[in-house]
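None of the figures in this text is laboratory data; all of them are computed from the coordinates on show. Since we're looking at a predicted model, the values are computed, not measured. Note: ideal-geometry Cβ built from the backbone for every residue, glycine included; neighbour counts use all protein chains shown.
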Amino acid sequence: MTNYNAPAASTTTGAPVSKTKWIVQLVVGALVLGNVITLIFAILGLVKADTDLETANKYYKWGWIAYIICAVLWIIGIIAYIVFIASMMASMPTDY
């Protein structure tokens, strides 16, 4: 006797998820600017990629957003440092 209430067997299996983008984010976050927040998001994305792809993609997106924010802050800091050094040199007395 056939049980019609039983769920049908799945004929398709989930394809393995390529984790390349999280690995690239991990390497870039570690080697360029050493952004810890990006590293955390990349690691969380790697861990979640097999079980919850939607959340892993959100971690990926927020990792790059954190990286861009950090890069902009670095650039602002470097510009502020150059302006500070230039203003200190301009205010130095020139007569010895």
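Phi angles across the range 56-61 convert, under the Karplus curve 6.51 cos²θ - 1.76 cosθ + 1.60 with θ = phi - 60°, into 3J(HN,Hα) values of 4, 5, 5, 4, 4, 4 Hz, Gly and Pro given as x.
Residue by residue, the range 17-34 carries 3J(HN,Hα) couplings of 7, 6, 9, 4, 5, 6, 5, 4, 4, 4, 5, 5, x, 7, 8, 10, 6, x Hz when phi is fed to the Karplus relation 6.51 cos²θ - 1.76 cosθ + 1.60 (θ = phi - 60°); x denotes Gly or Pro. Within the shell defined by Cβ-Cβ distances under 13 Å, the residues around Ala49 carry a net charge of +1, with Lys and Arg each +1 and Asp and Glu each -1.
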